[in-house]
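These notes are about the structure you will find just below.
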Amino acid sequence: MKPILAILFLAAVLPLAAQEKEAPYHIFSIYFGGGSHYIDGEQARELGEWLRQFPHLEDYEISVHSHTDDIGSKEYNAWLSRNRSEAAVRKLMDNGVLPDQISIEDFGELNPVYDNATWEGKLKNRRVDVILKPIAT
């Protein structure tokens, strides 16, 4: 292989190799009814069970990302998103997570993962994602 081609090949492959070695994210989603920020007992129990899979939570960055569908005003959805985050943070704290371990991003109706033009998409966008990312050592 010619030297310039070898360099270009390595430049293309090295980022992939670095990504493969990077520790994975772990995501747990909590779903809500329309206009609600209430976390039901079953989802609270499932969150606790999920968190127990990670006995050393201090080794993770914990992020809470809250979302809404696009029904209602942007202001209302921003409020709802904040309340969903706060509810999730309370459940995390109930499971021993310290508040200073948690970062919050309230997206409201912005940046939907699912298509808000469909009923199924709206249902899936009414959620909070709890994301655990191993802290690089």
Listing of strands (runs of 3 or more DSSP E) fully contained in region 54-137 that carry 3 or more residues being closer than 17 Å to ALA44 by Cα:
60-67, 127-134
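Looking only at residues that are more than 9 Å from HIS67 (Cβ to Cβ) and out of contact with any helix residue (DSSP H, G or I) (no Cβ under 9 Å at 6 or more places or on another chain) in region 125-137, which one is surrounded by the fewest Cβ atoms within 10 Å (Cβ to Cβ)?
To start, the set of residues in region 125-137 that are more than 9 Å from HIS67 (Cβ to Cβ) comprises 130-137.
Filter again for out of contact with any helix residue (DSSP H, G or I) (no Cβ under 9 Å at 6 or more places or on another chain), leaving 131, 133, 136.
Working: ILE131: 18, LYS133: 15, ALA136: 7.
For region 125-137, the residue satisfying everything is ALA136.
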What pairs can you find where one residue is in region 108-137 and free of Cβ contacts under 8 Å to residues at least 24 places away in the same chain and hydroxyl-bearing (Ser, Thr, Tyr), the other is surrounded by 13 or more Cβ atoms within 10 Å (Cβ to Cβ) and assigned to a helix (DSSP H, G or I), and their Cβ atoms are less than 8 Å apart, with a gap of 6+ or different chains?
TYR114/GLY121; TYR114/LYS122; TYR114/LYS124; TYR114/ASN125
Report, ordered by the first and then the second residue, all pairs with beta carbons closer than 7 Å, sequence separation of six or more or different chains, a first member in region 24-38 that is within 15 Å of VAL64 (Cα to Cα) and touching a residue at least 24 places away in the same chain (Cβ under 8 Å), and a second member that is β-branched (Val, Ile, Thr) and in a loop (DSSP other than H, G, I, E, B).
ILE30/ILE39
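Here is a check on your reading of the model: is GLU75 surrounded by 19 or more Cβ atoms within 10 Å (Cβ to Cβ) and of a type in the set (Asp, Glu)? Before the answer, list the steps.
Working: surrounded by 19 or more Cβ atoms within 10 Å (Cβ to Cβ): no; of a type in the set (Asp, Glu): yes.
Criteria not met by GLU75.
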Output the residues belonging to region 24-77 that are closer than 14 Å to ASN125 by Cβ and of a type in the set (A, V, I, L, M).
ILE30, ILE71
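Could you please let me know if SER36 is in contact with a helix residue (DSSP H, G or I) (Cβ under 6 Å, 6 or more places away or on another chain), within 21 Å of THR118 (Cβ to Cβ) and either assigned to a loop (DSSP other than H, G, I, E, B) or not acidic (Asp, Glu) (or both)? Spell out the reasoning first.
Details: in contact with a helix residue (DSSP H, G or I) (Cβ under 6 Å, 6 or more places away or on another chain): no; within 21 Å of THR118 (Cβ to Cβ): yes; either assigned to a loop (DSSP other than H, G, I, E, B) or not acidic (Asp, Glu) (or both): yes.
No: the conditions fail for SER36.
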From the residues in region 110-124 that are of a type in the set (S, T, N, Q) and loosely packed, with under 13 Cβ neighbours inside 10 Å, which one is modelled with the highest pLDDT?
THR118
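The values are calculated or read from the model by the stated rules, or taken from the named source; none is laboratory data. Just so it is clear, the model here is predicted, and its values are computed rather than measured. Note that each Cβ is placed from the backbone with ideal geometry, even for glycine, and that neighbours are counted across all protein chains shown.
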